Each structure stands twice: as C-alpha cells, then as structure tokens.
Amino acid sequence: MKFFLAIVVIAGTYLIVCDAACMHQLPEAEFKKPPQGCHHEGKLHPLGESWRTKSCWDCSCDMRGQLDCCQAFGTPVTKDKNCKFRFDQKACEYVLIENEDPEKKCKEYVMVG
C-alpha cells in the first residue's frame, strides 16, 4: 500500500495537463506538509501570486499550490497578402503591418487561441 501511495504522489507531482494555450501543474506534494508556493523557471512564487513571463505567458500560483500558465496572446490569421504579422515582445501581441510600409498597420484580422 505504501508503494502504491508513493507512486500516486510521484505521478501527481509531475503531472502536467495541457490544453490549447495553457498548462496546469499540480502542487509538489510532501507528506503532511502544505505547499509553500509554485516553482516556475527556477523561482519559488508565493501562493496567490500572479506574474507574466518574459516569453509572454500569464501565470498564477493558487492557494493550493497549483501552477496555471496561459499564453498572453492569440495567434493571428489573415487573408490579406499585402500584410504580415510582427510580434511585439514588450506588449505580448501580434501587430499586422503592411509589407511595403511597416510603419502602417493593417486593420482586418482574426485572433485564434
């Protein structure tokens, strides 16, 4: 029984569930010790904290120690051959610009995700 419990705890510790543009990680469980926070990219984030990563993911550590991260941007789609997308890393968004004049923005496009 102890072996089975150990397997369940280990599997639960490393379980990551992914959906369209989000990932969820269960808390790191220690027997009779509540989680102190969420480990993400080498840092321990306190329970209840939210943050945005350099790679444009919005993350949060809930009060149970579950880590949730979702992309902070959608994926653009357009049929206009005169325009192209440029990713603005600072704003975490795609901008649709004209091929001929990158200073001009195109107006019609759809975001997915």
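Brief remarks follow.
- Residue under evaluation C38, criteria (1) surrounded by 12 or more Cβ atoms within 10 Å (Cβ to Cβ); (2) modelled with pLDDT under 90; (3) not small (G, A, S), criterion not met: (2)
- Reported count of residues in the range 66-77, each being surrounded by 15 or more Cβ atoms within 10 Å (Cβ to Cβ) and more than 30 Å from A29 (Cα to Cα), is 2.
- Considering the range 79-108, and only residues there that are more than 25 Å from K54 (Cα to Cα) and surrounded by 15 or more Cβ atoms within 10 Å (Cβ to Cβ), the residue that is modelled with the highest pLDDT turns out to be C83.
- Taken together, M111, M63 contain a single residue that is part of a strand (DSSP E or B) and surrounded by fewer than 13 Cβ atoms within 10 Å (Cβ to Cβ), which is M111.
The values are calculated or read from the model by the stated rules, or taken from the named source; none is laboratory data. What you see is a predicted model, and the numbers here were worked out from it, not measured in a lab. With ideal geometry, Cβ positions are generated from the backbone for all residues, glycine too; neighbour counts draw on all protein chains shown.
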